[in-house]
Amino acid sequence: MVNCSSLIMPSSMIIFLMVLSHFISINGRNMTWNDSFVPLEIPGNKLRRDAKAIKLASRDFGKIINIKPNAVLYPSSVDDIVNLVSLSYNSTTPFRVAGKGRGHSIRGQAMVKNGVVVEMTSLNDVIKNKNNRIRIFKDPELGFCADVGAEQLWIDVLNTTLRQGLSPVSWTDYLYLTVGGTLSNAGISGQTFRYGPQISNVYELDVITGKGELVTCSNKNNPELFYAVLGGLGQFGIITRAKIRLDNAPTKVEWVKLIYYDFSAYSRDQEKLISINDDGLNYLEGSLIMDYSPPDSWKSWFSPDDVAKISSLLTHHKILYCLEAVKYYNYTNTINEDEDGDKLFEGLSYVPGFIFKKNADYMDFLNRVRVEELVLQSLGLWDVPHPWLNMFVPKSRIMDFNQGVFVDIIHKQNRSTGPLLAYPTMRNKWDDRMSAIIPDGEIFYVVGLLHSAKDGDWKTWDNQNKQILDLCKRTGIQVKEYLWNQKTKKEWILHFGSKWDTFLKRKTQFDPKMIMSPGQKIFN
């Protein structure tokens, strides 16, 4: 794909820009709308300013931040987005633009004050056949690939690829997110230690830069933009298409959970398991169970007898650590291969007798969080504030983190309203040329404090998060936050560390007027 600025623009697009320009007045660096602006006069009613559109674009999954844009673009084609960004860039007083997928940000990262939010999933609404934007093919050099519109949900990508016996290899725990949204962050889950994050499994992208240019990029073609955008928090442009790695899809999984009360044994066994290469696990995560943890946070997976057994152990140790491991298989595998999977757990230091297994379909395993979501929705417990704190913790300080955070802060405060995750992953599965930031060291831990403020009191959890971050800063635990929304430029510079100069250079190159994704609060 060539730079769109070198093409002759269709007359319909020229009309779109003329009408849009007619109704917009610019004040400073923010866009303000003429009081007489009528959304229906925009061709196709793509640019909306009605209360419903503004409200939807003003909130996200976090339910903490409320930022109102001046308008919302509902594109019916990639050209609509190109034209919007071009209009801003070519104006003497640009307005800001933020691409929004499913809005699963936590702190307003996909919002924009006095600018325009682009509802990427609108591209699905106007395309009768979604599969037109999910194309499966075999590349002579790369093997099987999926060419996917960035507005597509990962669950739709999975369903489409499975019909051909194929599957992406790296996932997030929740599949109802857009491809462009997760690639703008990193896309992590229990597969990351083996296959890398989702950004490590992309071959090519189409990106609308902050200059309004539609550019195709890869590690060989426009590589600077390619690496900038992957994990780039939307700062350099809006991803509109991705070519993703596929592999043969398994059909079933062996799903195992092991219980520990000694964190050192728990972490040691996790690190041992992720170090096994070819015949090792395909997925590994871990979580904490507190003696006051709500039932919906851990009990549903286990049988009633197992719940009673674990609960009895919990009364004695107050905190348990649950290692969760998955091995992929096909229905054609022999039982001996299943037995080989059991050998992975020999010699581990879990509590004797506290290993629990079940078999599941591959699809059911990957889509497990959706089942929980539907239950919580039925109880009115999903659409609540989510003051989450996600971070990467160096292996060298994970024992200190366990004592200082899990034991001395979270458990002592005697409140828990969501999963607490802690599991290791490997640095060698990440590409340092990408914008995503991870700690030093060959192994680091993914920690997720996924609280839900069911009573609406998110500030209590927010205060706890600040207490945790203050502890890490005070004791020198150099964590790197994931899905972070820093409040000062100094904090962002500290976050990016040695990558800051490169990040700034790329911003100047691809978004010199600082139009894109102001909700991250990096440059705006």
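Filtering the range 382-397 to residues that are among the aliphatic types (A, V, I, L, M) and either surrounded by fewer than 22 Cβ atoms within 10 Å (Cβ to Cβ) or modelled with pLDDT under 95 (or both) leaves only VAL384.
Among the conditions (1) within 30 Å of GLU141 (Cβ to Cβ); (2) among the aliphatic types (A, V, I, L, M); (3) modelled with pLDDT under 95, ILE244 misses just one, which is (3). Scan the range 158-184 for residues that are within 18 Å of GLU481 (Cα to Cα) and out of contact with any Ser or Thr (no Cβ under 9 Å at 6 or more places or on another chain) and jot them down. Matches in the range 158-184: LEU183 only.
If I ask for residues that are charged (D, E, K, R) and modelled with pLDDT of 95 or more, which ones from the range 114-140 would you list? So that I can check it myself, show each step before the final result.
To start, the set of residues in the range 114-140 that are charged (D, E, K, R) comprises 119, 125, 128, 130, 133, 135, 138-139.
Within the range 114-140, GLU119, ARG135, LYS138, ASP139 meet the criteria.
Here's the yes/no breakdown for (1) touching a residue at least 24 places away in the same chain (Cβ under 8 Å); (2) within 17 Å of GLY190 (Cβ to Cβ):
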residue: LYS357; (1), (2): yes, yes
residue: ASP364; (1), (2): no, yes
residue: LEU381; (1), (2): yes, no
residue: PHE392; (1), (2): yes, yes
residue: VAL407; (1), (2): yes, no
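Scanning the range 68-92 for residues that are closer than 13 Å to LEU47 by Cα and of a type in the set (Asp, Glu) yields a single hit, ASP80. Just one residue in the set PHE144, PHE137 is free of Cβ contacts under 8 Å to residues at least 40 places away in the same chain, of a type in the set (A, V, I, L, M, F, W, C) and in a strand (DSSP E or B); that residue is PHE137. Residues satisfying the criterion are absent from the range 228-245 (criterion: more than 18 Å from the chain's Cα centre (by Cα) and either surrounded by fewer than 23 Cβ atoms within 10 Å (Cβ to Cβ) or under 30 Å from GLU324 (Cβ atoms) (or both)). Residue selection: GLN109 fails the criterion of being buried (at least 21 other Cβ atoms within 10 Å of the Cβ) and in the same structural domain as ARG241 (by TED's automatic domain parsing).
Taken across the range 311-326, residues that are within 20 Å of ASN414 (Cα to Cα), in the same structural domain as THR425 (by TED's automatic domain parsing) and assigned to a loop (DSSP other than H, G, I, E, B) do occur, with at least one present. Quick one: would you say TYR445 is surrounded by 17 or more Cβ atoms within 10 Å (Cβ to Cβ), in contact with a helix residue (DSSP H, G or I) (Cβ under 8 Å, 6 or more places away or on another chain), of a type in the set (Ser, Thr, Tyr) and within 20 Å of SER287 (Cα to Cα)? For TYR445, the condition - surrounded by 17 or more Cβ atoms within 10 Å (Cβ to Cβ), in contact with a helix residue (DSSP H, G or I) (Cβ under 8 Å, 6 or more places away or on another chain), of a type in the set (Ser, Thr, Tyr) and within 20 Å of SER287 (Cα to Cα) - is met. Restricting to the range 401-453, what's the tally of residues that are modelled with pLDDT of 95 or more, more than 30 Å from SER218 (Cβ to Cβ), of a type in the set (Ser, Thr, Tyr) and in contact with a Leu (Cβ under 9 Å, 6 or more places away or on another chain)? Count: 1. Screening ALA228 on (1) in contact with a Gly (Cβ under 7 Å, 6 or more places away or on another chain); (2) more than 20 Å from ASN90 (Cβ to Cβ) shows it passes everything except condition (1). Scanning the range 465-490 for residues that are modelled with pLDDT under 95 and not aliphatic (A, V, I, L, M) yields TRP484, ASN485, GLN486, LYS487, THR488, LYS489, LYS490. Restrict the check to the range 207-218 and report whether at least one residue is of a type outside the set (A, V, I, L, M, F, W, C), buried (at least 22 other Cβ atoms within 10 Å of the Cβ), within 24 Å of the chain's Cα centre (by Cα) and not assigned by TED's automatic domain parsing to the domain that holds PRO419. Checked against the condition, which is being of a type outside the set (A, V, I, L, M, F, W, C), buried (at least 22 other Cβ atoms within 10 Å of the Cβ), within 24 Å of the chain's Cα centre (by Cα) and not assigned by TED's automatic domain parsing to the domain that holds PRO419, the range 207-218 yields at least one hit. Number of residues in the range 159-193 that are assigned to a helix (DSSP H, G or I) and surrounded by fewer than 21 Cβ atoms within 10 Å (Cβ to Cβ): the value is 3.
The values are calculated or read from the model by the stated rules, or taken from the named source; none is laboratory data. These numbers come from a predicted model, not from an experiment. Quick reminder, even Gly has a Cβ in these numbers, built from the backbone with ideal geometry, and neighbours come from all protein chains shown.
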